[in-house]
Amino acid sequence: MSSNGDLSDLGSSDSFWEPGNYKRTVKRIDDGHRLCNELVSCFQERAKIEKSYALQLSDWAKRWRGVVEKGPQYGTLEKAWHAFMQAADRLSELHLDLRQRLAAEDSEKVRDWQKDAFHKQMMGGFRETKDADDGFRKAQKPWVRKLKEVDSSKKSYHQARKEEWTASTRETHAKADPTKSQEEVRKYTTRVERCNQEAEKVKERYQKALEELNRCNPRYMEDMEQVFDLTQEAERRRLRFFKDVLLDTHTHLDLSSREGFKVLYQDLGQTIRGANDTEDLRWWRNTHGPGMSMNWPQFEEWSPEASRSISRKERGGHSEENVVTLTNIVSSGRDDVPPSPITLDTSRTKEYSSDWSDEEIPKKALAVNGVGEDEDEEEEEEEEEEQVEGVRVRALYDYIGQEADELSFKAGEELLKLGEEDEQGWCKGQLSGGRVGLYPANYVQAAAS
C-alpha cells in the first residue's frame, strides 16, 4: 500500500467511516444529474401520449360531426349529439395545451436547473462530484495512514504470537522425546523465550499504533462530517426542486372537474405533498451516512485457532452442481479394481456424439408408422455391413447401462468398437447380439488378434 492514503483493500465493513465508503455519497451527485434526464424523458413520453390523444379526439369529432349532419337525426337531439363533438374539440385543445406544458415549460425548467446545479469539466465528470471526492479523500487521508499502521502492526503481532506458539509446541515435543539431549531441549526453551520477548515488543507497538489511531478519530469524524454536510445540502436542493416540479406537473395534469378525477388527483397531490426532504435526508444519513454504526478497530489477541489452514472442502472452489458420476457399475469379482467412474457434464444430452454422421444413427426411429420402411431396411443392412468392420474389444469389467442408449456387458465379453472415444469418455459399440449403444471407453481394451 502506498503512503499517500490509498483506500483499496482497507474497508472491512459497509460503514461510511471505512476507507473509500464515502464514494456512495459522491456517486449520489452523479445520480442527481441522471435523475434530471430521466425526469425529463418520463414526461416527454407523457407529452407524446397527450398529443396523440388530442389528435385522435379531433379526428373523431370531425368524422362524426359529418356523419350526424348528413344523417337523419334532427332537432334538439341533433344539437345534443353535436355537443359531444364540440366537447371533444375543447378537450383536444386542453390536452394539446397540456402537451405543450409538459414538453416545453416543465422540461425546460428541469434543464435550466440541471445546468445551474451541475457543471461539466473539460476532462469529463462534474465539478461538484470532484469537489466532494477531493474533500472526502483529504479528510480521510491522515486517518487512513494511521489505520495502515495499525493493520501492519497487528499482522506483525499475530505473526510473532504464531512463531511463539510454534516454538512452544516444539519445546513440548522435545521434552517428551527421550532421544533429545538436554542441550537440544535447552535450545528449544531459549527459542521460546526469545519469541516471547519479540511478541511482547510487537504487541507494544501494536497497542501504541491503536492508541494513536483512536486519538485521530474525533478529528477524522469532524472533517468527514463537514464534507458530508455540504453534499447533504446540495441533495436537499435537488429533492426540493424535484418536489416543486412534480407539484407543477400535477397541476398541469389536473384537467377534469368531475368528482372521480378530483379524488384521484387529490390523492396524487396528497402523496406528492407528503414528500419531506428532511425525512429523506435523515434516512440517507442513517443508512449511508454518519448515522451508520461503526465497528471501530479494537485490540485482537492472537489465537492458534484463528491461524488454522482451511479445510479441503473450503479450498475447493469449483461447483459440482453440473457434474454427475456414474455409479451403476458392478464389479466383476476379480482382484483388479475398475477405474474411477466417468465424471460427465450434465449438459451431455442422451444422443449420439456429434462426430457421428446422420447415417450412423439407428434408422428405426425414422420408419415411424411404416413410412420409409423399405429404404430403412436397405440402409440398416448397409449399416450392419459397416458395423462389422469395427474394432473388436474385450470388456475389462462388468458394466450395467443406466440409460436406454447405453450397453450392458460382463467382464470378458467381446464387442465391436464403432467409433472413436468422444471428449466425455464414451464410445459407440455393438454387442454380439447386434445391439448398438454407448459404453465407457476405459472399461474395455483391444481384443487379442
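The values are calculated or read from the model by the stated rules, or taken from the named source; none is laboratory data. Here the structure is a predicted model, which means the values were calculated and not measured. Every residue, glycine among them, receives a Cβ derived from its backbone with ideal geometry; neighbour counts consider all protein chains shown. Protein only, heavy atoms only, side chains kept; ligands, DNA and RNA dropped before computing areas. Shrake-Rupley method; radii C 1.70, N 1.55, O 1.52, S 1.80 Å.
Pairs from the table (LYS51/LYS120; LYS146/LYS187; LYS148/LYS175; LYS138/LYS208) lying more than 31 angstrom apart at Cα are LYS51/LYS120; LYS146/LYS187; LYS148/LYS175.
What spacing in nm lies between the two simple spin-label points modelled at ARG219 and GLU423, each 7 Å away from Cα in the Cβ direction? About 6.2 nm, to one decimal. Pull up the cross-link candidates among the lysines for LYS410, meaning alpha carbon to alpha carbon under 21 Å and not fewer than 8 places away within one chain. List returned: LYS428. With all protein chains in place and ligands, DNA and RNA left out, the 1.4 Å accessible area ranks ASP59, ASP248 as ASP59, ASP248, largest first.
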